[in-house]
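The values are calculated or read from the model by the stated rules, or taken from the named source; none is laboratory data. Remember, it's a predicted structure, so these values are computed and weren't measured experimentally. Virtual Cβ from ideal backbone geometry, glycine too; neighbours counted across all protein chains shown.
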Amino acid sequence: MNSMNDEQDLRLEITEAHLQMLDMSVHLLGYVNAYRALSEIPDYLGRRRTRYAMVLVMLDELASLMELMKECERGVTEHMTEVFIEGYYSPQRKREGLERVLDEIGKSEMLFLKVKKNLGREPSSIDFTFFKDQFRRSNGNMYPMVEKVLRYDHRNDGNGLPSDDDIEMLFIAIELNVRGAAEFSYQWARANEYDIDFKLETLYSKDGCDKRKEKGYWVRTPL
């Protein structure tokens, strides 16, 4: 299991690293499901605020997940016996990780196709500028941003919230990366015959309130 240096570093055996990545991915899939369920309800008071807060939490956790995933992929390629990430739990590493995620998630060809299909337009890196600016103003600390979104303050008239389309675009980017990490770690665990007593499935609904033809829900079912 974990061996911490100065309570900032992460050191795991390569097996434990992959299993932790699977655990983190499944945890984030829970947020994905909750976000989708909230999004299918017709417009209601607090809809945008709640969805945005959930996206911010997902983004914060995705930064750590993607860093671990890259090291696991490198570990497999280079036949490493352990994964070591210096400063994995440090605020500075978290800031840098969030910056990298915001730079990387907008470059996916799959994101391009999904956004064009769901929102009717093509995404660009400019679409994530709002989130980068908000993040930099917070000095890399995501949770004051979440608290500001959720808590009442008469000085905040709500104009600081992004549009529904911008929130949805960021969610799509996050979901694609979470799905990729879940699939990678799950297939690795199964291929190496580790004791995984569930399988991941996607359920679809064609009658969402937003009129889209595809709504995916990840579920854990017994093997």
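Pairs, please: C-beta under 8 Å, at least 6 apart or cross-chain, first residue modelled with pLDDT of 85 or more and in the stretch 194-211, second part of a loop (DSSP other than H, G, I, E, B)?
196/223; 197/223; 198/223; 199/223
Identify, from the list 121, 95, 74, the residue that is in a loop (DSSP other than H, G, I, E, B), without any contact (Cβ under 8 Å) to a residue 60 or more places away in the chain and among the charged types (D, E, K, R).
121
Among all residue pairs at least 6 apart or on different chains, which show Cβ distances below 7 Å where the first residue, located in the stretch 137-152, is free of Cβ contacts under 8 Å to residues at least 60 places away in the same chain and closer than 16 Å to residue 95 by Cα and the second is assigned to a helix (DSSP H, G or I) and hydrophobic (A, V, I, L, M, F, W, C)?
From the stretch 137-152, the pairs are 138/145; 140/98.
Is it true that residue 70 is modelled with pLDDT of 85 or more and surrounded by fewer than 16 Cβ atoms within 10 Å (Cβ to Cβ)?
So residue 70 passes the test.
What residue, among those in the stretch 34-56 that are of a type in the set (A, V, I, L, M) and crowded, with 17+ Cβ neighbours inside 10 Å, is nearest to residue 91 (Cα to Cα)? Before the answer, list the steps.
Quick first cut of the stretch 34-56, residues of a type in the set (A, V, I, L, M) only: 34, 37-38, 41, 45, 53-56.
Restricting the remaining residues to those that are crowded, with 17+ Cβ neighbours inside 10 Å gives 53-56.
Working: 53: 20, 54: 20, 55: 20, 56: 16 Å.
Filtering first and then ranking leaves 56.
Count, please, the residues in the stretch 103-118 that happen to be in contact (Cβ under 8 Å) with a residue 40 or more places away in the chain and not in a loop (DSSP other than H, G, I, E, B).
7
Answer with yes or no whether residue 168 is in contact with a Phe, Trp or Tyr (Cβ under 9 Å, 6 or more places away or on another chain) and either at pLDDT below 85 or within 22 Å of residue 43 (Cα to Cα) (or both). Explain how you work it out, then say what you get.
Values: in contact with a Phe, Trp or Tyr (Cβ under 9 Å, 6 or more places away or on another chain): no; either at pLDDT below 85 or within 22 Å of residue 43 (Cα to Cα) (or both): yes.
Considered against the rule, which asks whether it is in contact with a Phe, Trp or Tyr (Cβ under 9 Å, 6 or more places away or on another chain) and either at pLDDT below 85 or within 22 Å of residue 43 (Cα to Cα) (or both), residue 168 comes out as no.
Just need a number here: residues in the stretch 81-106 that are farther than 18 Å from residue 137 by Cα and either surrounded by 15 or more Cβ atoms within 10 Å (Cβ to Cβ) or more than 15 Å from the chain's Cα centre (by Cα) (or both).
Qualifying residue count for the region: 12.
Identify, by number, the condition in (1) modelled with pLDDT of 90 or more; (2) within 16 Å of the chain's Cα centre (by Cα) that residue 191 doesn't meet.
Unmet for residue 191, out of (1) modelled with pLDDT of 90 or more; (2) within 16 Å of the chain's Cα centre (by Cα): (2).
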